[in-house]
Amino acid sequence: GTLVIPDTIDGVVVISIGNSAFRDCTSLTSITIPDSVTSISSNSFDQCTSLTSITLPDSLISIGSEAFSDCTSLTSITLPDSVTSIGNGAFAKCTSLTSVNIPDGVTSIGSRAFNSCTSLTSITIPDKVTSIGDSAFGSCTSLRSVTIGDGVTSIGESAFYGCESLESITIPDGVTSIGNSAFTDCTSLTSITIPNSVTSIGTQAFYGC
């Protein structure tokens, strides 16, 4: 079915969608969220396995932990420019997701944010992001192209673990640390550029390459 969330409920403006509000609504195919909403809380649409379409408002600032985790039918998502944070596991295990834009205003990408998005082929991390969370893109087995913005200073543990389609990666000047197992089992990796700014490369960072 289709869900259109109203701007007001009993005269009260809807500004947030609460924790687990629509979790496990497995027949839900489409959602429209009104322009008044600024935050989508943890697990709000977790395991909405039939969800193929989401319209997110230009007012949205934050996407909570596992907000859309396990939305296995979701093929693409357009995040509005207003978004500044993507929570832990926000889109984890969205196995049909082929494309996602990360807006220029985003400053943080949480742990496991896109973990196991096995259909995702490319990703661009904008310049305002300072850290890539642990396992953020781990097990994205179709990921072939990654562009890391100049603002990133740290790449988390297992950030690209098991990205077996990734052939090359350029780590920008300014990155100081590459976490444990960051690129473990990136079995197609033939080229990597590590800048002089890097002072710490974690255990098994490139193990199995």
**Item:** Descending principal axes extents, the chain, alpha-carbon based, whole Å
**Value:** 58, 28, 21
**Asked** Using only Cα atoms, what is the ratio of the radius of gyration of segment 142-209 to 2.2 N^0.38 Å?
**Response** 0.99
**Complete:** Restricted to the chain, the DSSP antiparallel beta bridge percent, nearest 5, is 5
**Asked** Per residue, what accessible area does segment 94-209 have, given a 1.4 Å probe and all protein chains present, in Å²?
**Response** 41
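When you count, for each residue, the other Cβ atoms within 10 Å and take the mean per peptide, how do 7-16, 34-43, 130-139, 177-186 rank with the highest first?
Ranking the peptides 7-16, 34-43, 130-139, 177-186 by packing returns 130-139, 177-186, 34-43, 7-16.
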**Complete:** Once Lys and Arg are counted +1 and Asp and Glu -1 for all other residues with Cβ under 14 Å from that of SER50, the total becomes -2
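Net charge around SER59, counting only other residues with Cβ within less than 15 Å of its Cβ (Lys, Arg = +1; Asp, Glu = -1)?
Values: positive: none; negative: ASP7, ASP35, ASP58, ASP81.
Local net charge: -4.
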**Prompt:** Just going by the charge dipole of the chain, with Lys and Arg at +1 and Asp and Glu at -1 on Cβ, which of THR190, LEU120, SER50 is farthest out on the positive end?
**Reply:** THR190
**Message:** If the only charges are +1 at each Lys and Arg Cβ and -1 at each Asp and Glu Cβ, what is the size of the charge dipole of segment 54-206 around the Cα centre, to the nearest 20 debye?
**Reply:** 160
**Asked** D for segment 1-111, whole µm²/s, Stokes-Einstein with Kirkwood Rh over alpha-carbon pairs at 10 °C and 1.306 mPa s: what number?
**Response** 116
**Message:** What does the net charge come to around ALA92 if you take all other residues with beta carbon closer than 10 Å to its beta carbon, with K and R at +1 and D and E at -1?
**Reply:** -1
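The values are calculated or read from the model by the stated rules, or taken from the named source; none is laboratory data. No experiment lies behind these values; they were computed from the predicted model shown. FYI the Cβ positions are ideal-geometry reconstructions off the backbone, even for glycines, and counts take in every protein chain you see. SASA here: full protein model, heavy atoms, side chains in, ligands and nucleic acids out. Shrake-Rupley method; radii C 1.70, N 1.55, O 1.52, S 1.80 Å.
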